[in-house]
1. Once every DSSP H run of n ≥ 4 in the chain is given -39500 (n - 2.57) and the sum is divided by its residues, what mean residue ellipticity at 222 nm do you get, rounded to the nearest 500 deg cm²/dmol?
2. For the chain, what is Rg from Cα atoms divided by 2.2 N^0.38 Å, rounded to two decimals?
3. Arrange Val84, Val245 by Cβ neighbour counts within 10 Å, fewest through most, would you?
4. For segment 25-38, what does the Karplus curve 6.51 cos²θ - 1.76 cosθ + 1.60, with θ = phi - 60°, yield as ³J(HN,Hα) per residue in whole Hz, taken in order and with x for Gly and Pro?
5. Under 5 Å between amide hydrogens, which residues at least 5 positions from Leu271 or on another chain qualify, with H placed 1.01 Å from N in the peptide plane?
6. Can you tell me which of Tyr212, Tyr113, Tyr34 moves the most in a GNM of the chain? Springs connect C-alpha atoms under 10 Å apart.
7. Name the residue farthest towards the positive end of the dipole of the chain from the options Val323, Tyr158, Asn50, assuming +1 on Cβ of Lys and Arg, -1 on Cβ of Asp and Glu, about the Cα centre.
8. Largest first, please: the extent of the C-alpha atoms of segment 167-309 along each principal axis, to the nearest Å.
Amino acid sequence: MRILFICSSGFDYAQDLAYAGLVNILGQGNVTDYPWNARYHLPIKSYPKNLGFTSVSFSLPLSVRFSAFDLIILGSAKPDALRVYSKILLRTKNRPVLFIDSGDRTGIGGDFYRLNAGNDYEAVIKEKPFDIILKREYIPSLHEEIKTCFPFPFSFPYNVRIPARPENAKKYEVSFWGQQIPEIRENALKILQGKYDCSQNGTTLNQNFGTYRRRGLFYLEELAACKIVLNFRGGGWDTMRYWEVPATGSFMISQKPQISIPDNFEDGKHLAWCSDSLGDLTDKIDYYLKHTDEREAMAAQAKAHLNKYHLNTARAQRLLDIVKKELLL
């Protein structure tokens with residue numbers, strides 16, 4: 001299968017992870033990024049802004065023969081990707097099109113409206129509706145009746161390996177390094193003030209990301225150094241932290257995502273859910289800090305589960321399986 005992968009020039013987690021996963025499965029020659037994305041071919045950015053990087057290549061394609069592709073993928077819900085797609089729409093109209101709706105909004109294409117490209121989006125789908133939609137923020141009650149729409153959450157890059165740390169090498173008790181919006185994050189940070197080692201490790205209100213030192217792979221190494229990492233929704237339910245924590249071998253207490261995640265982690269087996277009210281948050285933290293063996297065993301099972309079901313190669317294979325079933329390609 002040959003794929004034309006229309007991408008935003010900026011980083012986009014879902015887009016970039018899918019691209020790199022597809023290249024790993026199909027080979028570089030069968031997945032063409034359009035327009036050519038320097039982030040995919042040159043090591044110019046560090047984690048997590050390099051999730052689409054596959055191999056060093058300086059060769060820019062001089063032209064693209066659109067009829068040579070079996071499938072067109074619109075890889076992002078960002079306006080620049082939509083503009084590129086709209087320009088070539090008539091030349092690719094006889095090819096099936098898959099849209100990776102990577103945005104925070106629950107409505108299909110909702111981020112186009114948020115980013116002032118709603119009219120352009122409506123014109124595009126009026127000309128040619130998408131054959132398949134892969135939705136990051138897939139809410140069953142909203143999307144199950146759309147037969148062409150399937151859940152497609154974030155994942156973790158197959159080529160990033162952060163060794164899990166043994167218990168005696170973990171230097172932090174409880175962490176949540178992140179912005180304090182939406183409200184649940186602010187509430188959690190207020191609850192944690194003066195508790196555990198939160199103040200010492202930077203789990204505080206008004207975190208200053210301008211001077212934030214935990215960047216790139218060092219950020220993942222720091223996650224691996226935590227006994228417990230907390231996760232709460234951001235702009236969308238799906239967060240990179242939800243996948244990063246198991247990947248580093250640390251234990252996660254998380255608000256339960258209200259999106260559909262095939263082969264999701266299980267409460268009491270891989271992680272612990274906390275209530276949206278946060279009324280049980282400190283009880284959960286206290287329990288798992290005391291029960292080290294149980295916590296570490298669950299973290300190890302979560303890491304194994306992620307490696308089986310939630311690397312970006314597995315996510316790309318799911319994309320290909322859906323295309324094969326729905327489009328008979």
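1. -10500 deg cm²/dmol
2. Compactness ratio reported: 1.03.
3. Exposure proxy ranking, most exposed first: Val84, Val245.
4. 7, 9, x, 4, x, 9, 10, 9, 6, 9, x, 3, 10, 4
5. Amide H neighbours of Leu271, under 5 Å, 5+ apart: Glu266.
6. Tyr212
7. The residue sitting most towards the positive pole is Asn50.
8. The principal-axis extents, from largest down, are 36, 35, 31 Å.
Only the coordinates and a few stated rules stand behind these numbers; no lab work does. The model shown is predicted, which means the values in this text are computed figures rather than measured ones. Every residue, glycine among them, receives a Cβ derived from its backbone with ideal geometry; neighbour counts consider all protein chains shown.
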